[in-house]
Amino acid sequence: MIEGGLPLRGTLEINGAKNAALPMLAAVLLTDEPVTFHRVPDLSDIRTMLRLLEELGVRVTRKGSSVKLKVERTTAFTAPYELVSTMRASFCVLGPLAARRKRARISLPGGCVIGVRPVDLHLKGLRALGARVAVEHGYVEVSSPRLTGAKMFLGGSFGSSVTGTANILMAAVLAEGTTVIEGAAVEPEVVELARLLRTMGAKIEGIGSHRLLIEGVRELSGTEWTVIPDRVEAGTFMAAAAIAGGDVTFTHIEPDHLTSVIEVLQNLGVHVESTANTVRIASEGAARFKPVDLTTLPYPGFPTDLQAQFVALMTVGDGISIVTEKVYPDRFMHISELCRMGARIRKEGSSIIIQGVPELHGAPIMASDIRASAALVVAALRAKGASEIRRVYHIDRGYERIEKRLGSLGARIRRTADKAENALTSASRWAAAF
Ligand code: EPU
């Protein structure tokens, strides 16, 4: 429940990055020695990954935001449908299992609300390394008695793949000989994984470029690692501060990962000040934004994971904004909900046209995926009156206790039990989804 119209003020520390932590947690399967991570956010997606690792024989010890992991048993090699269907990033255990256990059986992720999400690049990379890969009964079955280095191109129709690069990188570090990945993703989360692997003893050159050169080693060792700040959480809260008005300083933030985002905020007319590890968003009241044209692209372009939240800003723009999705052409689940709050948005192919309106108004609305839900929260902070957002479990996948964090900045936001939802059995909830 959000009562809009209040400015946000104060200081907020940005958490460790979900999308950096997920593949790095999977990387512990590559060594028998303990690996400890710090600043691991307490999110349902992280808990899902830890549960999967436990099923794969990893002992998990959590203390606050630190997690110690150690492989105890190496016999399991299956990531079941139940886990992969709740979180696609479970697919990140594919590369480590193929490399270390010589076998993997991973449920094939289906499409999801943000559109078709194939895994062909992951499979192409593994095959190039010599693995036998079959897709049977909804599962990817991999047999990889001996992985050998190879040269491959991992770009696809929509650019490089973040978790695809992560998976093949994790397989190649233990393959025999040299692997060259052309078209590697350069997202900070991939860079971070490569740096972690290097600390564990992997030989990787070209980190941060589209060409990774990997010299396989026989084994990796344990280490201790602090997760980088979450650029998507940061961008979401920056959008929240901008739309609500006020004065918020974000700490533990990496402005260098947010260059395109800060530029778009400035184009929208938002005042942004940054230092090496802080960003301040300040405004006199809740202003209308300047209209902008925005295209999502792989890093360092504007991230698709912030598209929905920035569309929320544009709904109260002073003119027409155009947003084009170049990563997930169908990632527009939020627009119909935003329209229920008074926004004027029309979809044309993989673009949307937003005619800014002076005000949004509170309404009952439905969350659909992590980022679309975050966009509804951003919009509700500005809307006149109360908004009730349903299915907030989507938000909990990617934002730790969002009501506490925004509440600490002065937002009027609280979590309540969803009576309507609790009344539904899981079967009727399933039916209700269609
Ligand atoms: N693609 C292919 N073939 C593949 C893999 C991807 O065609 O084998 C296409 C996708 O359909 C998409 C594009 O390539 O059009 C990029 O997808 P990518 O593989 O990079 O996405 P991902 O690795 O599955 C990660 C994040 C997503 C984020 C995307 C894009 C994690 C765990 N997930 O997904 O995060 O949107 O990169 O940056 O890192 C989120 O956090 O809400 C989220 C969805």
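A short reminder: the numbers here are calculations on the coordinates, not readings from a lab. Everything quoted here is computed from the prediction, not taken from an experiment. We place every Cβ from the backbone using ideal geometry, glycine too, and count neighbours over all the protein chains shown.
Brief remarks on what is shown
- The range 330-340 - residue that is within 15 Å of the ligand (Cβ to nearest atom) and surrounded by 17 or more Cβ atoms within 10 Å (Cβ to Cβ) and, of those, farthest from E359 (Cα to Cα): R331
- Unmet criterion (only one of (1) free of Cβ contacts under 8 Å to residues at least 60 places away in the same chain; (2) within 16 Å of the ligand (Cβ to nearest atom); (3) under 21 Å from G10 (Cβ atoms)) for S260: (3)
- Within the range 270-312, the set of residues being within 15 Å of the ligand (Cβ to nearest atom), assigned to a loop (DSSP other than H, G, I, E, B) and either surrounded by fewer than 16 Cβ atoms within 10 Å (Cβ to Cβ) or without any contact (Cβ under 8 Å) to a residue 60 or more places away in the chain (or both) comprises P300, G301.
- Of the residues in the range 52-75, at least one is within 14 Å of the ligand (Cβ to nearest atom) and within 21 Å of L220 (Cβ to Cβ).
- Any hit, the range 132-154, residues being within 15 Å of the ligand (Cβ to nearest atom), in a helix (DSSP H, G or I) and surrounded by fewer than 24 Cβ atoms within 10 Å (Cβ to Cβ): no
- Within the range 329-358, being touching a residue at least 40 places away in the same chain (Cβ under 8 Å) and not in a loop (DSSP other than H, G, I, E, B) holds for H334, L338, I352, I354.
- The range 202-216: number of residues that are in contact with a Leu (Cβ under 8 Å, 6 or more places away or on another chain), in a loop (DSSP other than H, G, I, E, B) and surrounded by fewer than 17 Cβ atoms within 10 Å (Cβ to Cβ): 1
- Options L121, L108; residue that is buried (at least 21 other Cβ atoms within 10 Å of the Cβ), within 16 Å of the ligand (Cβ to nearest atom) and within 22 Å of T165 (Cβ to Cβ): L121
- Of all residues making up the range 368-388, the number that are more than 11 Å from the ligand (Cβ to nearest atom) and surrounded by fewer than 24 Cβ atoms within 10 Å (Cβ to Cβ): 5
- Single residue of A171, A194, A185, A166 found to be within 16 Å of the ligand (Cβ to nearest atom), buried (at least 20 other Cβ atoms within 10 Å of the Cβ), part of a loop (DSSP other than H, G, I, E, B) and not polar (S, T, N, Q): A185
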